[in-house]
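Q: Sharing a structure, written as structure tokens. Questions coming.
The values are calculated or read from the model by the stated rules, or taken from the named source; none is laboratory data. None of these values were measured; they are calculated from a predicted model. So basically every Cβ, Gly included, is an ideal-geometry build from the backbone, and we count neighbours across all protein chains shown.
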Amino acid sequence: MPTVPFQDPGATRLSAIERSDGIGRIVIEADRLDSTNRRLVEIGRTGAPHGTVLIARDQTAGCGKGERGWFSTPDGSLCLSVLVRTGRGLREAAQLPLLAAVALREAILAATGVEAGVKWPNDLLAGGRKICGILAEAACDGEGDLDFAVIGMGINLAIPDAGFPAELRDRAVSLATLAGRPVDRGAFVEALCAAFDRWVRLWERHGLSAFAATWTDHALHLGRVVRLDDGDEEICATLIGLAGDGALRIRDAAGTVRDVHSGEIHSGEIGTAPPVAPIPSHLHKTHMGAFS
């Protein structure tokens with residue numbers, strides 16, 4: 001059994017759900033951590049192998065996009081991070097949040113029967129309410145090349161509607177509520193590791209084209225006019241799909257097509273637009289900017 005340097009008195013190996021290789025070969029659960037991403041980056045620096053998964057039953061300083069706080073509860077949330085070591089470079093590794101959304105959606109469907117949609121760049125929603133957020137971080141070596149990536153996922157597993165803060169109750173929902181039954185935590189982690197491993201192996205061989213069509217099939221807002229904040233301005237644009245490097249391709253009010261590498265789609269569609277052509281299943285590989 002592979003070992004990993006992780007010193008925490010409340011941490012245990014979940015050997016019963018570990019896999020022989022790949023994502024989930026090491027699964028560690030800690031009672032209480034500040035951030036699974038932060039701690040997994042630390043142990044990645046000391047040699048944790050590809051596929052290490054770190055879970056926190058209680059996360060005290062988790063954050064989402066833009067350093068926003070992430071609400072979680074010890075019994076109702078699943079906070080985990082996955083360490084990925086890849087032969088692909090830093091710019092291509094920035095596609096991993098998109099891959100994670102595809103894998104997570106597949107795991108949710110397999111474990112609960114819930115159909116989720118992907119909201120670019122890093123959320124999964126069902127019925128317009130958020131069930132998961134994804135945050136990826138890159139760790140580089142001394143020469144600035146990618147050493148490994150850590151993909152964190154915060155999943156509303158079993159939080160009842162009344163358990164969310166008042167300001168989140170109309171915007172967030174748990175899988176148990178949607179499924180109408182309890183969700184087995186261990187079985188869900190197993191399903192996620194299996195799906196994540198399969199998509200990572202395909203991505204290693206084929207790049208973005210391995211999952212671009214699947215991502216597009218389940219993406220929310222495509223062909224719709226939405227408000228998009230790309231960090232510099234807020235614009236109204238029609239969402240076309242993924243560009244060849246994983247960026248979001250949009251058409252603005254003037255008809256100009258451009259690619260957005262980071263930003264946020266605000267809730268509430270503005271209107272409809274003519275149907276867009278399907279995204280090709282094989283896209284050329286170029287590069288992508290910083291992780292979302």
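Q: Being in contact (Cβ under 8 Å) with a residue 24 or more places away in the chain, at positive phi and either crowded, with 20+ Cβ neighbours inside 10 Å or part of a loop (DSSP other than H, G, I, E, B) (or both) narrows it down to one residue among Gly152, Gly207; which is it?
A: Gly207
Q: Further question on the same structure: Taking Val114, is it part of a loop (DSSP other than H, G, I, E, B) and either hydrophobic (A, V, I, L, M, F, W, C) or under 30 Å from Arg227 (Cα atoms) (or both)?
A: Taking the combined requirement at face value, the residue satisfies it.
Q: In region 230-262, what residues are within 25 Å of Arg88 (Cα to Cα), touching a residue at least 60 places away in the same chain (Cβ under 8 Å) and among the hydrophobic types (A, V, I, L, M, F, W, C)?
A: Leu242, Leu248
Q: Only residues that are closer than 13 Å to Ile151 by Cβ, assigned to a helix (DSSP H, G or I) and of a type outside the set (A, V, I, L, M): list them for region 34-50, please.
A: Thr36, Asn37, Gly44
Q: Tally the residues that are of a type outside the set (Val, Ile, Thr) and touching a Ser or Thr at 6+ places or on another chain (Cβ under 6 Å), restricting the search to region 164-205.
A: 2
Q: How many residues does region 210-255 contain that are on the phi < 0 side of the Ramachandran plot and small (Gly, Ala, Ser)?
A: Within region 210-255, residues that are on the phi < 0 side of the Ramachandran plot and small (Gly, Ala, Ser) number 10.
Q: Counting only residues that are at pLDDT 95 or above and of a type in the set (Asp, Glu), how many does region 138-160 have?
A: Residues meeting the conditions: 1.
Q: Tell me, which residue of region 226-257 that is surrounded by 15 or more Cβ atoms within 10 Å (Cβ to Cβ), in a strand (DSSP E or B) and not hydrophobic (A, V, I, L, M, F, W, C) is modelled with the lowest pLDDT?
A: Arg227
Q: With the requirement that a residue be over 21 Å from Ser81 (Cβ atoms) and among the polar types (S, T, N, Q), what does region 150-207 give you?
A: If the condition is that a residue be over 21 Å from Ser81 (Cβ atoms) and among the polar types (S, T, N, Q), then Thr177 is the only one that fits.
Q: Let me ask something additional. Restricting to region 162-184, give me the number of residues that are at pLDDT below 95 and either part of a helix (DSSP H, G or I) or among the polar types (S, T, N, Q) (or both).
A: Going through region 162-184 one residue at a time, the tally reaches 5.
Q: Say whether the condition of being touching a Pro at 6+ places or on another chain (Cβ under 6 Å), within 26 Å of Ser20 (Cα to Cα), hydrophobic (A, V, I, L, M, F, W, C) and buried (at least 23 other Cβ atoms within 10 Å of the Cβ) is met by at least one residue in region 179-196. Spell out the reasoning first.
A: Applying the first criterion (touching a Pro at 6+ places or on another chain (Cβ under 6 Å)) to region 179-196 yields none.
Looking for residues that are touching a Pro at 6+ places or on another chain (Cβ under 6 Å), within 26 Å of Ser20 (Cα to Cα), hydrophobic (A, V, I, L, M, F, W, C) and buried (at least 23 other Cβ atoms within 10 Å of the Cβ), one finds none in region 179-196, hence no.
Q: Looking only at residues in region 121-149 that are of a type in the set (D, E, K, R) and part of a loop (DSSP other than H, G, I, E, B), which one is nearest to Thr36 (Cα to Cα)?
A: Initial filter on region 121-149 (of a type in the set (D, E, K, R)): 123, 129-130, 137, 141, 143, 145, 147.
Of the ones still in play, those that are also part of a loop (DSSP other than H, G, I, E, B) are 141, 143, 145.
Values: Asp141: 21, Glu143: 26, Asp145: 23 Å.
Applying the filter and picking the extreme gives Asp141.
Q: When Leu125 is evaluated against the numbered criteria (1) among the hydrophobic types (A, V, I, L, M, F, W, C); (2) under 20 Å from Thr86 (Cβ atoms); (3) touching a residue at least 60 places away in the same chain (Cβ under 8 Å), which criterion, by number, is the only one it fails?
A: All conditions are met except number (2).
Q: Something else now. Looking at Ile108, Ile23, which is the one that is crowded, with 23+ Cβ neighbours inside 10 Å, part of a helix (DSSP H, G or I), of a type in the set (Val, Ile, Thr) and in contact (Cβ under 8 Å) with a residue 40 or more places away in the chain? Steps first, please.
A: Details: Ile23 fails: part of a helix (DSSP H, G or I).
When all the criteria are applied, what remains is Ile108.
Q: Can you tell me which condition Val102 does not meet? The list is (1) surrounded by fewer than 20 Cβ atoms within 10 Å (Cβ to Cβ); (2) under 18 Å from the mean Cα position of the chain (by Cα); (3) under 20 Å from Thr52 (Cα atoms), and all the others hold.
A: (1)
Q: I would also like to ask the following. Please specify each residue of region 159-176 satisfying the condition of being closer than 21 Å to Ala101 by Cα, crowded, with 20+ Cβ neighbours inside 10 Å and over 19 Å from the mean Cα position of the chain (by Cα).
A: Within region 159-176, Ile159 is the sole residue that qualifies.
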